[in-house]
Amino acid sequence: MINFAHRGASGDYPENTLLAFREAIKVGATGFELDVHKTKDNKIVVIHDEDIERTFLGKGLIKDLTLEELQKFKCRKVLFRNLTNCYIPTLEEVLEIVKSNNLILNIELKTDEIHYIDIEKDVIDLVKKYEVENKIIISSFNPESIKICKDIDSEIKTGFLYCKPIVNVIEKAKKLKANAIHPSFELVSKKLIQKAHENNLEVNIFTVNSPRDMRRVINMKADGIFTDYPGLLNQIISEE
Ligand code: G3P
Ligand code: CA
């Protein structure tokens, strides 16, 4: 069971920052989940929204700002504002951490709102540059992005994300040649997980934050859980 720290240990630290990722390791995460976008000067950065305003003290779209401009914005959370590791990191900065730790990294391509030209290729090139292909799963809500990744390299692991019921989701994931389905917690059942496993698909579930739900999903034999509280999940896994 992979304990994916969702946007790092984002329940306690500013999401998708180096601080949140480093703290996740300390409390027992065995994987990271993060979101990527592409800057005006074609750098891959780690942030959830297309716009920086919710999490940083600034305004604007990632696609309209350079990396240098983006990394100057301070974190919106007051307690973390003056820390040096709470800026918008590049994917490369997180890959450095993944390379030197025993971790799986789920890179979510945020291609459902804005289509960033060649983001799939750019991400795969970085994964290869850091030689961490065997530690990576690339996911997206956009099936086209999954398809593009597999066309670039059929060996790259992919996960098909969804948060609304999909008829014949297993068939759809297989058609995309995905390696896993990533459903939201409400859409999961033991039967679905069994069927996915019979079809050689892993099942990683988001976003599970309460002890009760964590126990439920562990008992359903999910392969991975995305949680904002990796320390709590670590404790629950050791109890179950
Ligand atoms: O990858 C699982 C989960 O992160 C997808 O939803 O909105 O948190 O990126 P969101
Ligand atoms: Ca995500």
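Tabulated values for the structure
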{"read-out": "Sole exception among (1) within 14 Å of ligand 1 (Cβ to nearest atom); (2) surrounded by 22 or more Cβ atoms within 10 Å (Cβ to Cβ); (3) in a loop (DSSP other than H, G, I, E, B); (4) not hydrophobic (A, V, I, L, M, F, W, C) for His37, by number", "value": "(3)"}
{"read-out": "Of all residues in the stretch 1-28 being under 13 Å from the mean Cα position of the chain (by Cα), closer than 16 Å to Asp223 by Cβ and open to solvent by 10 Å² or more (accessible area, probe 1.4 Å), the one that is nearest to ligand 1 (Cβ to nearest atom)", "value": "His6"}
{"read-out": "Enumeration of residues in the stretch 62-114 that are open to solvent by 10 Å² or more (accessible area, probe 1.4 Å), in a loop (DSSP other than H, G, I, E, B) and within 16 Å of ligand 1 (Cβ to nearest atom)", "value": "Lys110, Asp112, Glu113, Ile114"}
{"read-out": "Residue in the stretch 157-180 that is within 16 Å of ligand 1 (Cβ to nearest atom), modelled with pLDDT of 95 or more and farther than 24 Å from Lys221 by Cβ present", "value": "no"}
{"read-out": "Looking only at the stretch 180-189, and only at residues there that are in contact (Cβ under 8 Å) with a residue 24 or more places away in the chain and not in a helix (DSSP H, G or I), the one that is nearest to Asp151 (Cα to Cα)", "value": "Ala180"}
{"read-out": "Lone unmet requirement of (1) in contact (Cβ under 8 Å) with a residue 24 or more places away in the chain; (2) open to solvent by less than 10 Å² (accessible area, probe 1.4 Å); (3) in contact with a helix residue (DSSP H, G or I) (Cβ under 8 Å, 6 or more places away or on another chain); (4) not in a helix (DSSP H, G or I) for Lys177", "value": "(2)"}
{"read-out": "Test: residue in the stretch 124-131 that is more than 27 Å from Ser184 (Cβ to Cβ), in contact (Cβ under 8 Å) with a residue 40 or more places away in the chain, surrounded by fewer than 23 Cβ atoms within 10 Å (Cβ to Cβ) and in contact with a helix residue (DSSP H, G or I) (Cβ under 8 Å, 6 or more places away or on another chain)", "value": "yes"}
{"read-out": "Hits in the stretch 165-202 (condition: among the charged types (D, E, K, R) and under 17 Å from Glu108 (Cβ atoms))", "value": "Glu202"}
{"read-out": "Sole exception among (1) assigned to a loop (DSSP other than H, G, I, E, B); (2) closer than 30 Å to Pro143 by Cβ; (3) of a type outside the set (A, V, I, L, M, F, W, C) for Asn3, by number", "value": "(1)"}
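Yes or no, residue by residue, for (1) within 13 Å of ligand 2 (Cβ to nearest atom); (2) modelled with pLDDT under 95; (3) in a loop (DSSP other than H, G, I, E, B); (4) more than 30 Å from His115 (Cα to Cα):
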| residue | (1), (2), (3), (4) |
| --- | --- |
| Gly8 | yes, no, yes, no |
| Gly11 | no, no, yes, no |
| Gly28 | no, no, yes, yes |
| Glu33 | yes, no, no, no |
| Asp41 | no, no, yes, no |
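The values are calculated or read from the model by the stated rules, or taken from the named source; none is laboratory data. These numbers come from a predicted model, not from an experiment. Reconstructed Cβ throughout: ideal geometry from the backbone, glycine too, with neighbour counts over all protein chains shown. Accessible surface areas use protein heavy atoms only, side chains included; no ligands, DNA or RNA. Shrake-Rupley method; radii C 1.70, N 1.55, O 1.52, S 1.80 Å.
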